[in-house]
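Participant: Here's a structure for you.
The values are calculated or read from the model by the stated rules, or taken from the named source; none is laboratory data. All figures in this text were calculated on a predicted structure; none of them were measured in a lab. Cβ sites come from the backbone with ideal geometry, for glycine too, and all protein chains shown count toward neighbours. Heavy atoms of the whole protein, side chains included, go into the accessibility calculation; ligands, DNA and RNA do not. Shrake-Rupley method; radii C 1.70, N 1.55, O 1.52, S 1.80 Å.
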Amino acid sequence: MGRKIERIAVLTSGGDAPGMNACIRAVVRTGIYHHIEMFGVMQGYQGLIQDEIIPLNSKSVSNIVQRGGTILKTARCMEFKTSEGRKTAYENLQKHKIDGLIVIGGDGSFTGAEIFSREYDIPVMGVPGTIDNDLFGTDFTIGFDTANNTVIEAIDKIRDTAASHDRLFFVEVMGRDAGYIALWSAIGGGAEAVLIPEKETSVDDLVDKLMIDLGNAKTSSIVVVAEGEHGGGAMAIAEKVKERFNYDTKVSILGHFQRGGSPTSFDRVLASRLGQAAVEALLKGYSRKMAGMISNKVALTSIDLAIKNKTEMDESLIELVNILAI
Ligand SMILES: Nc1ncnc2c1ncn2[C@@H]1O[C@H](COP(=O)(O)OP(=O)(O)O)[C@@H](O)[C@H]1O
Ligand SMILES: O=P(O)(O)OC[C@H]1O[C@](O)(COP(=O)(O)O)[C@@H](O)[C@@H]1O
Ligand SMILES: [Mg+2]
């Protein structure tokens with residue numbers, strides 16, 4: 001099935017995610033194990049266009065399994081969205097005789113990979129690397145677990161000061177237009193409420209809930225707000241709540257802090273398994289697939305579906321936040 005692959009390049013693209021390095025390491029070492037010549041592309045698609053393509057050996061990826069960020073660097077590259085940009089990218093791949101490409105990134109990176117692979121008939125495999133967990137075809141994306149751990153560490157600390165001062169905190173977390181980080185960290189951090197893009201909550205309902213909480217036994221509350229939530233983010237929500245509810249209220253926007261740090265064991269193992277799977281799938285002749293993990297088994301899903309299909313937000317998790325906050 002498919003042509004023989006001898007030279008594979010790997011790149012990281014879009015927002016970085018903890019565990020990307022563990023994945024690069026797995027890709028490179030799996031390739032070497034199968035006698036493939038391995039290359040790294042610097043700065044995502046930018047490096048393809050600017051011909052920043054470097055050979056990688058086993059030593060190039062030593063001592064990185066534990067490091068956050070990406071040694072290959074990453075970029076959001078507008079030029080790759082143009083056909084001229086992709087033509088230059090293809091010419092550079094040809095120059096280096098690269099016959100397979102592995103893209104570690106999120107939905108945007110996969111959209112680019114799909115278009116590129118169809119345009120130039122180059123085999124590509126995607127590996128889901130984003131803290132947002134917003135891809136269909138995998139239970140978890142690389143970086144999501146680490147980001148959640150970072151967020152709950154922050155929530156735990158905010159809880160100490162919130163409880164000491166009897167305050168209401170709105171904690172804004174990342175996720176772009178997905179509420180996974182918010183929902184998981186709300187459960188793990190014991191938040192009183194969560195606001196996510198997938199489920200609209202009115203300010204009135206939120207205020208009613210907070211009034212009941214604070215009027216009863218609770219003296220402090222934490223509301224986790226996903227950045228893509230419809231009310232305009234934590235700052236805007238806090239302002240609206242303050243108009244109706246006279247309570248000492250603070251806002252904490254966690255920001256890019258959530259993207260860094262040493263990957264958790266879970267993310268390292270996930271990244272390693274998916275990196276291996278992506279290389280071996282390319283060698284078996286697969287293309288335009290994403291290597292994901294479903295029920296603890298590697299699963300290949302068409303990149304097309306991974307981008308277009310939406311995983312339904314599990315309503316029971318939202319319910320759980322409410323049950324645990326009584
Ligand atoms: N429609 C597209 N066509 C070609 N390339 C794209 C397209 N959408 C995204 N990309 C490429 O993928 C990169 C990363 O996408 P982005 O949405 O920023 O991050 P992520 O992959 O993490 O979702 C973009 O900067 C661009 O180079
Ligand atoms: O770092 P930037 O460019 O400001 O982008 C911030 C966005 O990147 C993320 O951290 C990760 O998103 P991607 O993995 O899709 O790039 C989002 O949660 C956030 O909305
Ligand atoms: Mg994305």
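Participant: For the stretch 199-213, check the following and say yes or no: at least one residue is in contact (Cβ under 8 Å) with a residue 40 or more places away in the chain, touching a Gly at 6+ places or on another chain (Cβ under 9 Å) and within 16 Å of ligand 3 (Cβ to nearest atom).
Facilitator: Within the stretch 199-213, not a single residue is in contact (Cβ under 8 Å) with a residue 40 or more places away in the chain, touching a Gly at 6+ places or on another chain (Cβ under 9 Å) and within 16 Å of ligand 3 (Cβ to nearest atom).
Participant: Here is a follow-up. Hey, does the stretch 52-62 have a residue that's open to solvent by less than 10 Å² (accessible area, probe 1.4 Å) and over 28 Å from G255 (Cβ atoms)?
Facilitator: Step one: list which residues in the stretch 52-62 are open to solvent by less than 10 Å² (accessible area, probe 1.4 Å), which gives 61.
Narrowing the set further to residues that are over 28 Å from G255 (Cβ atoms) leaves 61.
Checked against the condition, which is being open to solvent by less than 10 Å² (accessible area, probe 1.4 Å) and over 28 Å from G255 (Cβ atoms), the stretch 52-62 yields at least one hit.
Participant: Go through (1) in contact (Cβ under 8 Å) with a residue 60 or more places away in the chain; (2) away from ligand 2 (no atom under 16 Å from the Cβ) one by one and return the number of the condition V103 breaks.
Facilitator: (2)
Participant: Of all residues in the stretch 166-178, count the ones that are more than 16 Å from ligand 1 (Cβ to nearest atom) and touching a strand residue (DSSP E or B) at 6+ places or on another chain (Cβ under 9 Å).
Facilitator: Number of matching residues: 7.
Participant: Checking the condition open to solvent by less than 10 Å² (accessible area, probe 1.4 Å), closer than 14 Å to A147 by Cα and either in contact with a Phe, Trp or Tyr (Cβ under 9 Å, 6 or more places away or on another chain) or assigned by TED's automatic domain parsing to the domain that holds G255 (or both), which residue from A182, A193, A234 passes?
Facilitator: Values: A193 fails: closer than 14 Å to A147 by Cα; A234 fails: closer than 14 Å to A147 by Cα.
Exactly one residue qualifies, and that residue is A182.
Participant: I'm checking my understanding of the structure. Among residues of the stretch 111-151 that are charged (D, E, K, R) and closer than 26 Å to G85 by Cβ, which one is farthest from ligand 1 (Cβ to nearest atom)?
Facilitator: In this case the residue turns out to be D121.
Participant: List, please: which pairs have Cβ atoms under 7 Å, are six or more places apart or on different chains, and start with a residue in the stretch 305-316 that is more than 15 Å from T111 (Cβ to Cβ) and touching a residue at least 12 places away in the same chain (Cβ under 8 Å) and end with one that is part of a loop (DSSP other than H, G, I, E, B) and not hydroxyl-bearing (S, T, Y)?
Facilitator: Sorted first by the residue in the stretch 305-316, then by its partner, the pairs are T311/F136; M313/G179; M313/E198.
Participant: Please go through the stretch 81-110 and give me each residue that is buried (at least 24 other Cβ atoms within 10 Å of the Cβ) and near ligand 1 (Cβ under 8 Å from one of its atoms), ordered by number.
Facilitator: Result: G105, G106, S109, F110.
Participant: Can you name the condition, by its number, that S252 falls short on among (1) of a type in the set (S, T, Y); (2) part of a strand (DSSP E or B); (3) more than 23 Å from the chain's Cα centre (by Cα)?
Facilitator: All conditions pass for S252, except number (3).
Participant: Only one of these is at pLDDT 95 or above, closer than 19 Å to S13 by Cα and assigned to a helix (DSSP H, G or I): A238, A271. Name it. I'd like the intermediate steps shown before the answer.
Facilitator: Details: A238 fails: closer than 19 Å to S13 by Cα.
Within the list A238, A271, the selection yields A271.
Participant: It is to be established whether one or more residues within the stretch 288-302 are buried (at least 19 other Cβ atoms within 10 Å of the Cβ), in contact with a helix residue (DSSP H, G or I) (Cβ under 9 Å, 6 or more places away or on another chain) and over 18 Å from L135 (Cβ atoms).
Facilitator: Scanning the stretch 288-302 turns up no residue that is buried (at least 19 other Cβ atoms within 10 Å of the Cβ), in contact with a helix residue (DSSP H, G or I) (Cβ under 9 Å, 6 or more places away or on another chain) and over 18 Å from L135 (Cβ atoms).
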